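**Q** Here it is: the structure, laid out below.
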Ligand SMILES: [Zn+2]
Ligand SMILES: [Zn+2]
């Protein structure tokens, strides 16, 4: 038995002052001690830190996040010339495929995307895809455009900035052009970033969100190679492929609607100063057929829904299935950003789980934030309703949607404590449980993950202090990650 000691242990929703050490054997918790046991045990001193059940982020795009982290991050850019400079600097590195991400024209002086001509000036002989921060639009250089067209795919947009179908086409072409070594390296990079961010486990999507599960099997067969515990989703509409691959779930960011930033999230009202209310990407019949078939094959379904019209469209199908053929599959409403009260009640009734992003409120919430500028101030009170959902008994889980926001457990918990709408703030106890117990429940692992309890897997996240509204340098808070009883990240 190995003993982890000199630590404060988070047990049943609080630091338990009685417990001073935990014994681990064969990757499992075998004993909680209130005094140090005698005998020759290997003991590991955790330096008086706070130990939580391993935190789990329930929705990431780890392939993209890992891959992009190996490439150009445009978030520091403040002008078009900064963007071009960053691309130019990177362009000397080897590799024919270059991806620039985290582009946000609202933080660029010129308030626009670079033009294709500007991109061509810094990169003529390699493929470049430059993607907006929300992933819903991108622009490519002429070299990439030519190669995409030669691959037999057609970009039909006349606009240089690619949206909707063309955006997907360009990005999927890029992903599919990469070789196997880079794909695997991307998952290792993501794994390291997850550990540094405080997570022992992350859910991740693999597939093109259309009809292909891409490299799902490649990663499925290598899960034990990664330091982080991956929970993988075949992210496609191909139910047969998911079943053939032995998956127990299907979906992820398969889209019921788009994004607020691109005005494609489906609303029951119009965008501010606009006659558009966004759009549903598929018909009711399409979703009914897809979700019902997955349900009948005992697959858990996850669908990206941001606007209230999209959430209702998907939840209506979950609700009908819950009434007619209840199977405890724990279908997911991913994002679940805009929810008037009536919709909250309907979600509670369908027994769907919500997979939500606390950082979205931190970045875009409040009556003078980005949401308010797109939807109007009053609508911000109907968004990211953590407290209201928990109050109704909905199983809320937390995630970063990384690469969209950072993989950072301390910031994620903090975002819940400082929600811009005081009515939607939750306690630290609830915040921790959405990243531990509820997350474990989402993958049907509530009997083995998410708690520091005898018999549970010894996955621990060790933090410097208790998450609070005051902590500013969150990255320094993660001191160690222990998975299956082994130290996989050590910053003690
Ligand atoms: Zn997503
Ligand atoms: Zn999504």
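The values are calculated or read from the model by the stated rules, or taken from the named source; none is laboratory data. As the structure is a computational prediction, the values presented were derived from the model and not from experiment. Glycine also receives a Cβ, built like all others from the backbone with ideal geometry; neighbour counts cover every protein chain displayed.
**Q** Could you tell me whether the stretch 75-91 includes any residue that is on the phi < 0 side of the Ramachandran plot and within 16 Å of ligand 1 (Cβ to nearest atom)?
**A** Taking every residue of the stretch 75-91 in turn, none turns out to be on the phi < 0 side of the Ramachandran plot and within 16 Å of ligand 1 (Cβ to nearest atom).
**Q** Can you pull out every residue in the stretch 253-285 that is in a loop (DSSP other than H, G, I, E, B) and within 16 Å of ligand 1 (Cβ to nearest atom)?
**A** 256, 257, 258, 259, 260, 261, 262, 264, 265, 281
**Q** Only residues that are surrounded by fewer than 18 Cβ atoms within 10 Å (Cβ to Cβ) and either under 20 Å from residue 220 (Cα atoms) or out of contact with any strand residue (DSSP E or B) (no Cβ under 6 Å at 6 or more places or on another chain) (or both): list them for the stretch 160-171, please.
**A** The answer is 164, 165.
**Q** Any residue at all in the stretch 400-416 that is away from ligand 2 (no atom under 16 Å from the Cβ), in a loop (DSSP other than H, G, I, E, B) and more than 22 Å from residue 198 (Cβ to Cβ)?
**A** The answer is no, given that none of the residues of the stretch 400-416 is away from ligand 2 (no atom under 16 Å from the Cβ), in a loop (DSSP other than H, G, I, E, B) and more than 22 Å from residue 198 (Cβ to Cβ).
**Q** Ok, one more. How many residues does the stretch 44-63 hold that are touching a helix residue (DSSP H, G or I) at 6+ places or on another chain (Cβ under 8 Å) and within 15 Å of ligand 1 (Cβ to nearest atom)?
**A** Adding up the residues that qualify gives 5.
**Q** Sticking with this structure for a sec: Please find, within the stretch 36-73, the residue that is farthest from ligand 2 (Cβ to nearest atom) out of those that are buried (at least 22 other Cβ atoms within 10 Å of the Cβ) and part of a loop (DSSP other than H, G, I, E, B).
**A** Residue satisfying both the conditions and the ranking: 54.
**Q** Separate question: So is residue 107 in contact with a helix residue (DSSP H, G or I) (Cβ under 9 Å, 6 or more places away or on another chain) and surrounded by fewer than 21 Cβ atoms within 10 Å (Cβ to Cβ) or not?
**A** The answer is no for residue 107.
**Q** Could I ask something else about it? Given the options 328, 368, name the one that is without any contact (Cβ under 8 Å) to a residue 24 or more places away in the chain and under 26 Å from residue 241 (Cβ atoms).
**A** 328
**Q** Touching a strand residue (DSSP E or B) at 6+ places or on another chain (Cβ under 8 Å) and within 16 Å of ligand 1 (Cβ to nearest atom): does that describe residue 355?
**A** Against the criterion (touching a strand residue (DSSP E or B) at 6+ places or on another chain (Cβ under 8 Å) and within 16 Å of ligand 1 (Cβ to nearest atom)), residue 355 qualifies.
**Q** Quick check: is even one residue across the stretch 166-174 within 16 Å of ligand 1 (Cβ to nearest atom), touching a helix residue (DSSP H, G or I) at 6+ places or on another chain (Cβ under 9 Å), free of Cβ contacts under 8 Å to residues at least 60 places away in the same chain and within 21 Å of residue 87 (Cβ to Cβ)?
**A** Looking for residues that are within 16 Å of ligand 1 (Cβ to nearest atom), touching a helix residue (DSSP H, G or I) at 6+ places or on another chain (Cβ under 9 Å), free of Cβ contacts under 8 Å to residues at least 60 places away in the same chain and within 21 Å of residue 87 (Cβ to Cβ), one finds at least one in the stretch 166-174, hence yes.
**Q** Give me the pairs: first residue in the stretch 40-63 and on the phi > 0 side of the Ramachandran plot and not assigned by TED's automatic domain parsing to the domain that holds residue 445, second residue more than 16 Å from ligand 1 (Cβ to nearest atom) and in a strand (DSSP E or B), beta-carbon distance under 8 Å, and six or more apart or on different chains, which are they?
**A** Listed by first residue and then by second, the contacts come to 47/6; 47/7; 47/479; 48/6; 48/7; 48/8.
**Q** If you go through the stretch 420-456 one residue at a time, how many are over 24 Å from residue 331 (Cα atoms) and assigned to a loop (DSSP other than H, G, I, E, B)?
**A** 9
**Q** May I ask you to say which residue of 453, 464 is surrounded by fewer than 21 Cβ atoms within 10 Å (Cβ to Cβ) and closer than 29 Å to residue 248 by Cβ?
**A** 453
**Q** Restrict the check to the stretch 198-215 and report whether at least one residue is within 13 Å of the chain's Cα centre (by Cα), buried (at least 21 other Cβ atoms within 10 Å of the Cβ), more than 15 Å from ligand 1 (Cβ to nearest atom) and not in a loop (DSSP other than H, G, I, E, B).
**A** yes
**Q** Among the numbered criteria (1) surrounded by fewer than 20 Cβ atoms within 10 Å (Cβ to Cβ); (2) within 16 Å of ligand 2 (Cβ to nearest atom), which single criterion is violated by residue 250?
**A** Checking residue 250 against (1) surrounded by fewer than 20 Cβ atoms within 10 Å (Cβ to Cβ); (2) within 16 Å of ligand 2 (Cβ to nearest atom), the one that fails is (1).
**Q** Can you list residue pairs whose Cβ atoms sit under 6 Å apart, with the first residue in the stretch 469-492 being surrounded by fewer than 20 Cβ atoms within 10 Å (Cβ to Cβ) and the second being in a loop (DSSP other than H, G, I, E, B)? Count only pairs 6 or more apart in sequence or on different chains.
**A** From residues that are surrounded by fewer than 20 Cβ atoms within 10 Å (Cβ to Cβ), the pairs are 469/418; 484/27; 488/227.
**Q** Are there any pairs, at least 6 apart or on different chains, whose C-beta atoms fall under 7 Å, with the first in the stretch 274-286 and in contact (Cβ under 8 Å) with a residue 40 or more places away in the chain and the second part of a helix (DSSP H, G or I) and surrounded by 11 or more Cβ atoms within 10 Å (Cβ to Cβ), and if so, which?
**A** none
The rows are residues; the columns are (1) farther than 26 Å from residue 185 by Cα; (2) more than 16 Å from ligand 2 (Cβ to nearest atom); (3) touching a residue at least 60 places away in the same chain (Cβ under 8 Å).
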{"site": "212", "(1), (2), (3)": "no, yes, no"}
{"site": "220", "(1), (2), (3)": "no, yes, no"}
{"site": "225", "(1), (2), (3)": "no, yes, no"}
{"site": "229", "(1), (2), (3)": "no, yes, yes"}
{"site": "246", "(1), (2), (3)": "no, yes, no"}
{"site": "255", "(1), (2), (3)": "yes, no, no"}
{"site": "259", "(1), (2), (3)": "yes, no, yes"}
{"site": "263", "(1), (2), (3)": "yes, no, yes"}
{"site": "266", "(1), (2), (3)": "yes, no, no"}
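**Q** Then there is this: Based on this model, can you work out whether residue 237 counts as buried (at least 18 other Cβ atoms within 10 Å of the Cβ) and part of a loop (DSSP other than H, G, I, E, B)?
**A** Yes: the conditions hold for residue 237.
**Q** Within the stretch 396-423, which residues are away from ligand 1 (no atom under 15 Å from the Cβ) and surrounded by fewer than 20 Cβ atoms within 10 Å (Cβ to Cβ)?
**A** 417, 418, 421, 422, 423
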